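Here's the structure, in structure tokens; my notes come after.
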Amino acid sequence: MFDRINCLLKRAKRSFRRMRAVAIVEALRILRDRTSFSLVVLVPLLQVVLFGFAVNLDPRGVSIAIAGGSPSSQEFVAIHADGTGYFSIIIKDLKKGHAEYKLEAGEVDIAIELADASEFFDDENADDFPLAPRVIVDGSNVSAVAPALAALEKQILSGLLARLSDSVEDGSYTPPAIKTIWRYNPERRTVWTIMPALIGVIVMISMLMLGALALAREKEQGSWETFAVMPIGASEILLAKLSPYVVIAGIQTLLVVASAVLLFDVPIVGSGILLFFGAILLAVAHLTLGFTISTFVSNQLQALQAAIAIYLPSMLLSGFMFPFNGMPSWAQQFGNMFPLTHFVRFARDVMLRGADASTAGIHLLPITVFVLLFGSLAFLLVRRLQA
Amino acid sequence: MSIADPFFPATTLISAKNIGVSYGNRIALQPLSFEVISGEIFGLIGANGGGKTTTLRVLSGLLPTSVGQLSLFGQTGREKTIKHQVGYVSQSTSLYQDLTVRENLNFHAGVHGIENHEAAIENVMVLFDLKPFADTRVSSLSGGWTRLAQLSASVLHQPKLLLLDEPTAGLDVAMRSKVWQHIDRVARQGTGVVISTHDLNEALCCTHAVFLADGKSCAQGTPNQIFAQADITVYLIKNNDLYRLDKLIYEIDECIKCSRENDALRVVIRKSATHKFQKFCQRAGAEVKTVELSMDDASFAFLAGDSDSV
């Protein structure tokens, strides 16, 4: 019995030694791969910072325009809107119809059109109250405005009730019904706001990864040396290597758009061609970024880790999942550095709001600058690799 | 020797003047000078770690020189026109493993802008006996056929200069001979071939060579001249007490290296000490047999004697 226990102990000890040897080698290999190791530390750190300090499910800084009614009724609405804490840009003193115009121009998220008192009462005092407010909401990003709108409606109604408590009690005055119109997404379908952004997210992830792997794979397999000694220029390599991926990005875009339209009835109010062009531009932006990464890394694992370290903040800060305006200013500035942030706005504008090239094109400008910047950088780095 | 062919007037393809490579304070290649002319097979020979691959990487443009001047076809730059005239086979497989042989050749033909490339590919596949493997993925080929496919891709555009980094490493004798047949044929057609090898027999197939050991040029000339400069003879000796023999052999100052080989000792001795060595063997009652020297022996000889660099 004792011998058997002794034997088992010896076997366990030998097994432990073997496992320890394997574990040490594994640990050493992780530690020696500095890029992978630093990314192992960087990615969780990034997540903690972004989720802890940047991402906020409550929207902030929702813009609102108030038009019509009397100056005092506009003031009434403005004060109550401010009181909710959700709104930061409040435009008032607009003539009737102009708030809606500003919403259509994409300048505000919510437009409040107040009726003139003379339409309802002869009483001069009636001018002080927002009568039959018509609230028009940009439904292209439901989650970013819905909580703000709910708070606003509640605030205005409670304000009115407080001021008119006597009249309400004796039945001489009924608070006006707030008529809310969801523009661009009448049924407030969240999927309508997700799908346009999802095109960008899918294109971003796949193109960033494919771009990052492009040269990393060549370096790892040894075929890069062939490129280096062949009579082919850096720009030729860059353009030729990226072109098949652009086609893939095009196919991906068509697939997602077709699924969105056929399965979820998402409309394409604007130009489909413009949307396609934007998606291709986004693909090129991430391919050049991925290509830049692949000039630095030495293997495919490092390339993928670096891609994850980039697409994670890009996705979180783009306004795709969480309200962009709810984030602190530094996070918004950081988010604006990523092409996806601009594409999300562009795609919602084109698909839901029906924006044309002159309006939505403004969102493509930062992406174009990004392409030029990282395209040039990738070119220089490939040329350096060749030399 | 193909360079004597009157139909191919020899032209200088490579002119290296004191080229050297260093990484910070570490010198990977000490200043080295040589010339390669068309139609010759120029060997970068020596034991492992001598600097052969470094030199070849410098010649191919993969590595910049830290000192010296290197010109290919009379030009110091690496313009596309120069690259068009160079073929390169690296030590690792530089073909796309997931593509077939034909697809790889198509890629090479495309990048080199070969006109009528289908005919050129057919031609090269016939020359290298690759027709049966045309539609086989490179990953499915044996090491030897992969190397031949690599070689065929590197000569597809008929370069004037072919750089081969240990093209026969890991191949069996039959495949080595096949690879060398192709190297010979290419050289006979006027292409200058620079080949790195640590195999003595292959080194002897070169027209000219430079012997590299520990990152420096130890000797230069024809292979026979180089090995003569090593000034050594290699013997196998054995008696009943190899242990004692091993200790005593170092009494001969000119003994460069002594190592156990099966039931005998392999002894590398300077030629000048031949008489002394024979006397020693007589005294020890050892059987003596002369054997062919290896690249390692020559490396030891050059380094031990701190031979004059050429």
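The values are calculated or read from the model by the stated rules, or taken from the named source; none is laboratory data. Since the model is a prediction, treat every value here as computed from it, not as a measurement. A quick note on method: Cβ atoms are made from the backbone with ideal geometry, for glycine too, and the neighbour counts reach across all protein chains shown. Protein only, heavy atoms only, side chains kept; ligands, DNA and RNA dropped before computing areas. Shrake-Rupley method; radii C 1.70, N 1.55, O 1.52, S 1.80 Å.
Tabulated results
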{"item": "Diffusion coefficient, µm² s⁻¹, Stokes-Einstein with Kirkwood Rh over alpha-carbon pairs of region A:257-387 at 25 °C and 0.890 mPa s", "result": "153"}
{"item": "Pairwise centroid distance, computed over Cα atoms, of region B:238-305 with region B:30-88, Å", "result": "37"}
{"item": "Viscosity 1.567 mPa s, temperature 4 °C, Stokes-Einstein D of chain A from Kirkwood C-alpha radius, µm²/s", "result": "53"}
{"item": "Overall Cα dimensions of chain B, principal axis frame, Å, largest first", "result": "73, 44, 43"}
{"item": "Largest-first ordering by accessible area, 1.4 Å probe, given options A:PHE320, B:PHE280, A:PHE2, A:PHE277", "result": "A:PHE2, A:PHE277, A:PHE320, B:PHE280"}
{"item": "Using θ = phi - 60° and Karplus 6.51 cos²θ - 1.76 cosθ + 1.60, couplings along region A:307-314 (whole Hz; Gly, Pro as x)", "result": "5, 5, 4, 8, 6, 4, x, 4"}
{"item": "Ratio Rg/Rh, restricted to region B:16-108 and using Cα atoms, in which Rh is the Kirkwood radius", "result": "1.01"}
{"item": "Accessible area of region A:219-360 belonging to carbon and sulfur atoms, whole % at 1.4 Å probe", "result": "70"}
{"item": "Ordering of A:18-24, A:333-339 by burial proxy (mean other Cβ atoms within 10 Å per residue, highest first)", "result": "A:333-339, A:18-24"}
{"item": "Peptides ranked, highest mean first, by Cβ atoms within 10 Å: ranges B:190-196, A:292-298, B:244-250", "result": "B:190-196, A:292-298, B:244-250"}
{"item": "Threshold 20 Å² - residues in region A:220-234 whose accessible area is reduced by that much or more when the chain is no longer isolated, probe 1.4 Å", "result": "A:GLN221, A:GLY222, A:SER223, A:GLU225, A:THR226, A:PHE227, A:ALA228, A:VAL229, A:MET230, A:PRO231, A:ILE232"}
{"item": "Carbon/sulfur fraction of accessible area - region B:1-142, other protein chains in place, 1.4 Å, %", "result": "51"}
{"item": "Two-site FRET efficiency, B:ARG137 against B:SER92, from Cβ-Cβ distance with R₀ of 25 Å, rounded to 0.05", "result": "0.90"}
{"item": "Peptide-level mean, for A:237-247, of C-beta atoms on other protein chains within 10 Å", "result": "0"}
{"item": "Protection proxy ranking, peptides B:93-106, B:42-55, A:37-50, B:12-25, average beta carbon neighbours within 10 Å, highest first", "result": "B:42-55, B:93-106, B:12-25, A:37-50"}
{"item": "Taking the C-alpha atoms of the protein assembly as shown, convex hull volume expressed per residue in Å³", "result": "267"}
{"item": "Neighbourhood charge, 14 Å Cβ-Cβ cut-off, centred on A:GLY200 and excluding it, Lys, Arg +1 and Asp, Glu -1", "result": "+1"}
{"item": "Hull volume in cubic angstrom per residue (convex hull over the Cα atoms of region A:207-253)", "result": "69"}
{"item": "Whichever lysines have a C-alpha closer than 29 Å to that of A:LYS13, once near sequence neighbours (fewer than 8 apart) are set aside", "result": "none"}
{"item": "Hydrodynamic radius of region B:99-181 per Kirkwood, over alpha carbon pairs, in Å", "result": "12.9"}
{"item": "log₁₀ of I(q)/I(0) at q = 0.14, 0.19 Å⁻¹ - region B:155-310, Debye sum with one point per alpha carbon", "result": "-0.78, -1.12"}
{"item": "For region A:208-307: Kirkwood Rh in Å [reciprocal of mean 1/r, alpha carbons]", "result": "14.9"}
{"item": "Probe 1.4 Å, accessible area per residue of the protein assembly as shown, Å²", "result": "47"}
{"item": "Accessible surface of A:MET230 - all protein chains present, 1.4 Å probe, nearest 10 Å²", "result": "10"}
{"item": "Cβ-Cβ FRET estimate between B:ASP263 and A:LEU8, R0 fixed at 41 Å, reported to 0.05", "result": "0.35"}
{"item": "Net charge of Cβ neighbours under 10 Å - reference A:LEU301; Lys, Arg +1; Asp, Glu -1", "result": "-2"}
{"item": "Amide H contacts under 5 Å for B:LYS216, placed H, 5+ residues apart", "result": "B:GLN30"}
{"item": "Heavy-atom accessible surface that B and A bury in contact, both chains counted, 1.4 Å, Å² to 100", "result": "1500"}
{"item": "Cα-only Debye scattering, region B:1-159: base-10 log of I(q)/I(0) at q = 0.08, 0.09 Å⁻¹", "result": "-0.28, -0.36"}
{"item": "Percent of beta bridges antiparallel (DSSP, chain A, rounded to nearest 5)", "result": "25"}
{"item": "Helix-only [θ]222 nm of chain B, DSSP H runs n ≥ 4, -39500 (n - 2.57) each, per residue, nearest 500", "result": "-10000 deg cm²/dmol"}
{"item": "Accessible-area ranking of A:GLU104, B:GLU40, largest first, probe 1.4 Å", "result": "A:GLU104, B:GLU40"}
{"item": "Stokes-Einstein D for region A:1-59, Kirkwood Rh over Cα pairs, 20 °C, 1.002 mPa s (µm²/s)", "result": "139"}
{"item": "Region B:213-295 - Rg over Rh from alpha carbon coordinates, Kirkwood radius", "result": "1.01"}
{"item": "Within straight-line cross-link reach of B:LYS271, lysines at Cα separation under 26 Å, skipping those fewer than 8 residues along the same chain", "result": "B:LYS216, B:LYS238, B:LYS247, B:LYS257, B:LYS279, B:LYS289"}
{"item": "Shielding of B:67-80 by partner chains, average beta-carbon count, 10 Å", "result": "1"}
{"item": "Full-stretch length increase - B:SER71, B:SER33 - with 0.36 nm per residue and alpha-carbon distance subtracted", "result": "12.5 nm"}
